[in-house]
Amino acid sequence: MKKIVLGLAAFLVLLQFIPAEKTNPPIDPQKTLSTDTTVLSLLKKSCYDCHSNETQWPSYAAIAPISFFVASHVKDGRKALNFSEYNTIEPAIKEARLKRAIMTVKNERMALPSYRYVHDNANLSLEEKKVLVAWFEEELKTLEK
(Lines give C-alpha, C1' and ligand atoms only; values in the text may rest on other atoms or scores of the structure.)
Protein backbone atom coordinates (compact mmCIF):
# COMPACT_ATOMS: atom_id res chain seq x y z
CA MET A 1 0.00 0.00 0.00
CA LYS A 2 2.85 2.33 0.85
CA LYS A 3 4.39 1.79 -2.62
CA ILE A 4 1.09 2.66 -4.29
CA VAL A 5 0.79 5.90 -2.33
CA LEU A 6 4.41 6.84 -3.06
CA GLY A 7 3.97 5.97 -6.74
CA LEU A 8 0.83 8.09 -6.97
CA ALA A 9 2.55 10.98 -5.20
CA ALA A 10 5.54 10.74 -7.56
CA PHE A 11 3.20 10.66 -10.55
CA LEU A 12 1.39 13.80 -9.34
CA VAL A 13 4.71 15.59 -8.81
CA LEU A 14 5.88 14.65 -12.32
CA LEU A 15 2.60 15.90 -13.78
CA GLN A 16 3.49 19.39 -12.57
CA PHE A 17 6.26 19.50 -15.17
CA ILE A 18 3.81 18.99 -18.05
CA PRO A 19 2.29 22.39 -18.78
CA ALA A 20 -1.33 22.73 -19.79
CA GLU A 21 -1.97 25.01 -22.74
CA LYS A 22 -3.33 28.17 -21.13
CA THR A 23 -3.43 30.90 -23.73
CA ASN A 24 -5.26 34.13 -24.32
CA PRO A 25 -4.91 34.89 -28.03
CA PRO A 26 -4.81 38.58 -28.98
CA ILE A 27 -8.14 40.34 -29.23
CA ASP A 28 -9.07 42.21 -32.37
CA PRO A 29 -11.84 44.72 -31.55
CA GLN A 30 -13.21 44.29 -35.08
CA LYS A 31 -13.86 40.59 -34.40
CA THR A 32 -15.17 40.74 -30.86
CA LEU A 33 -18.75 40.95 -29.72
CA SER A 34 -20.12 44.42 -29.20
CA THR A 35 -23.46 44.75 -27.47
CA ASP A 36 -25.20 46.66 -24.70
CA THR A 37 -23.50 46.78 -21.33
CA THR A 38 -26.14 44.71 -19.50
CA VAL A 39 -25.74 41.70 -21.79
CA LEU A 40 -21.98 42.12 -22.01
CA SER A 41 -21.74 42.26 -18.22
CA LEU A 42 -23.71 39.00 -17.88
CA LEU A 43 -21.62 37.28 -20.53
CA LYS A 44 -18.38 38.44 -18.93
CA LYS A 45 -19.32 37.26 -15.46
CA SER A 46 -20.71 33.90 -16.50
CA CYS A 47 -19.36 32.96 -19.95
CA TYR A 48 -16.18 34.78 -20.93
CA ASP A 49 -13.70 32.63 -19.00
CA CYS A 50 -14.47 29.73 -21.34
CA HIS A 51 -16.07 31.46 -24.32
CA SER A 52 -13.61 34.24 -25.14
CA ASN A 53 -9.91 35.00 -25.46
CA GLU A 54 -10.15 36.94 -22.20
CA THR A 55 -9.90 33.98 -19.83
CA GLN A 56 -9.03 34.87 -16.27
CA TRP A 57 -6.89 31.84 -15.42
CA PRO A 58 -7.37 31.03 -11.72
CA SER A 59 -4.42 30.03 -9.57
CA TYR A 60 -5.67 26.44 -9.28
CA ALA A 61 -5.38 26.16 -13.08
CA ALA A 62 -1.61 25.91 -12.57
CA ILE A 63 -1.86 22.64 -10.64
CA ALA A 64 -1.96 19.37 -12.56
CA PRO A 65 -4.20 17.47 -13.14
CA ILE A 66 -6.70 20.32 -12.57
CA SER A 67 -4.80 22.44 -15.11
CA PHE A 68 -5.55 19.92 -17.87
CA PHE A 69 -9.23 19.85 -16.95
CA VAL A 70 -9.52 23.65 -16.96
CA ALA A 71 -7.50 24.13 -20.18
CA SER A 72 -9.61 21.49 -21.91
CA HIS A 73 -12.85 23.20 -20.89
CA VAL A 74 -11.61 26.57 -22.11
CA LYS A 75 -10.48 25.07 -25.42
CA ASP A 76 -13.85 23.36 -25.89
CA GLY A 77 -15.73 26.50 -24.86
CA ARG A 78 -13.86 28.67 -27.33
CA LYS A 79 -14.48 26.13 -30.07
CA ALA A 80 -18.22 26.04 -29.30
CA LEU A 81 -18.68 29.82 -29.18
CA ASN A 82 -15.95 32.42 -28.86
CA PHE A 83 -17.23 35.94 -28.20
CA SER A 84 -13.78 37.33 -29.05
CA GLU A 85 -14.26 36.00 -32.59
CA TYR A 86 -18.03 36.59 -32.70
CA ASN A 87 -18.09 38.88 -35.74
CA THR A 88 -16.15 36.36 -37.83
CA ILE A 89 -18.46 33.37 -37.29
CA GLU A 90 -20.27 32.34 -40.46
CA PRO A 91 -24.04 33.03 -40.23
CA ALA A 92 -25.12 29.38 -40.49
CA ILE A 93 -22.67 28.33 -37.78
CA LYS A 94 -23.59 31.33 -35.64
CA GLU A 95 -27.27 30.40 -35.93
CA ALA A 96 -26.59 26.86 -34.70
CA ARG A 97 -24.43 28.12 -31.84
CA LEU A 98 -26.98 30.71 -30.75
CA LYS A 99 -29.72 28.06 -30.74
CA ARG A 100 -27.49 25.82 -28.65
CA ALA A 101 -26.73 28.72 -26.29
CA ILE A 102 -30.45 29.28 -25.78
CA MET A 103 -30.99 25.63 -24.91
CA THR A 104 -27.99 25.39 -22.59
CA VAL A 105 -29.00 28.49 -20.65
CA LYS A 106 -32.65 27.43 -20.44
CA ASN A 107 -31.66 23.93 -19.31
CA GLU A 108 -29.10 25.30 -16.83
CA ARG A 109 -26.24 23.48 -18.51
CA MET A 110 -24.14 26.65 -18.75
CA ALA A 111 -22.12 27.72 -17.07
CA LEU A 112 -20.94 24.23 -16.23
CA PRO A 113 -21.85 23.13 -12.69
CA SER A 114 -18.16 22.58 -11.88
CA TYR A 115 -17.43 26.18 -12.90
CA ARG A 116 -20.39 27.60 -10.99
CA TYR A 117 -19.32 25.67 -7.90
CA VAL A 118 -15.98 27.51 -7.82
CA HIS A 119 -17.21 30.82 -9.30
CA ASP A 120 -20.33 31.82 -7.42
CA ASN A 121 -20.73 34.98 -9.52
CA ALA A 122 -21.36 32.76 -12.57
CA ASN A 123 -24.66 31.61 -11.06
CA LEU A 124 -27.21 33.61 -12.99
CA SER A 125 -30.58 34.54 -11.57
CA LEU A 126 -33.74 33.65 -13.44
CA GLU A 127 -34.01 37.25 -14.64
CA GLU A 128 -30.40 37.29 -15.86
CA LYS A 129 -31.01 34.05 -17.75
CA LYS A 130 -34.08 35.59 -19.37
CA VAL A 131 -32.02 38.59 -20.46
CA LEU A 132 -29.40 36.34 -22.07
CA VAL A 133 -31.96 34.12 -23.77
CA ALA A 134 -33.77 37.18 -25.12
CA TRP A 135 -30.48 38.55 -26.46
CA PHE A 136 -29.58 35.22 -28.10
CA GLU A 137 -33.05 35.14 -29.69
CA GLU A 138 -32.68 38.70 -30.92
CA GLU A 139 -29.32 37.85 -32.44
CA LEU A 140 -30.98 34.94 -34.25
CA LYS A 141 -33.56 37.33 -35.71
CA THR A 142 -30.81 39.60 -37.07
CA LEU A 143 -29.32 36.62 -38.90
CA GLU A 144 -32.63 35.96 -40.63
CA LYS A 145 -32.75 39.47 -42.12
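The values are calculated or read from the model by the stated rules, or taken from the named source; none is laboratory data. As the structure is a prediction and not an experimental result, all values here were calculated from the model. Cβ: placed from backbone, ideal geometry, glycine included. Neighbour counts: every protein chain shown.
Being under 28 Å from E21 (Cβ atoms), at pLDDT 95 or above and of a type in the set (K, R) narrows it down to one residue among K94, K130; which is it? Talk me through it step by step, then tell me what you get.
Numbers: K130 fails: under 28 Å from E21 (Cβ atoms).
After ruling out the rest, the residue left standing is K94.
When the residues of the stretch 77-101 are narrowed to those that are without any contact (Cβ under 8 Å) to a residue 40 or more places away in the chain and over 15 Å from the mean Cα position of the chain (by Cα), which ends up surrounded by the most Cβ atoms within 10 Å (Cβ to Cβ)?
So in the stretch 77-101, the residues without any contact (Cβ under 8 Å) to a residue 40 or more places away in the chain come out as 77-82, 89-90, 92-93, 96-97, 100-101.
With the extra rule that they be over 15 Å from the mean Cα position of the chain (by Cα), the set shrinks to 89-90, 92-93, 96.
Numbers: I89: 17, E90: 8, A92: 9, I93: 10, A96: 13.
Filtering the stretch 77-101 for residues that are without any contact (Cβ under 8 Å) to a residue 40 or more places away in the chain and over 15 Å from the mean Cα position of the chain (by Cα), the one surrounded by the most Cβ atoms within 10 Å (Cβ to Cβ) comes out as I89.
Does the stretch 6-18 include one or more residues that are at pLDDT 90 or above and in a helix (DSSP H, G or I)? Show your work before the answer.
Residues of the stretch 6-18 that are at pLDDT 90 or above, as a first pass: none.
Within the stretch 6-18, none of the residues are at pLDDT 90 or above and in a helix (DSSP H, G or I).
Could you tell me which numbered condition S67 fails, if it satisfies all but one of (1) surrounded by 14 or more Cβ atoms within 10 Å (Cβ to Cβ); (2) under 24 Å from D28 (Cα atoms); (3) small (G, A, S)?
(2)
Mind listing whichever residues of the stretch 38-70 are part of a helix (DSSP H, G or I), farther than 25 Å from L132 by Cα and among the small types (G, A, S)?
The first filter runs over the stretch 38-70 and keeps only residues part of a helix (DSSP H, G or I), leaving 38-46, 48-51, 59-62, 66-70.
Narrowing the set further to residues that are farther than 25 Å from L132 by Cα leaves 59-62, 66-69.
The answer is S59, A61, A62, S67.
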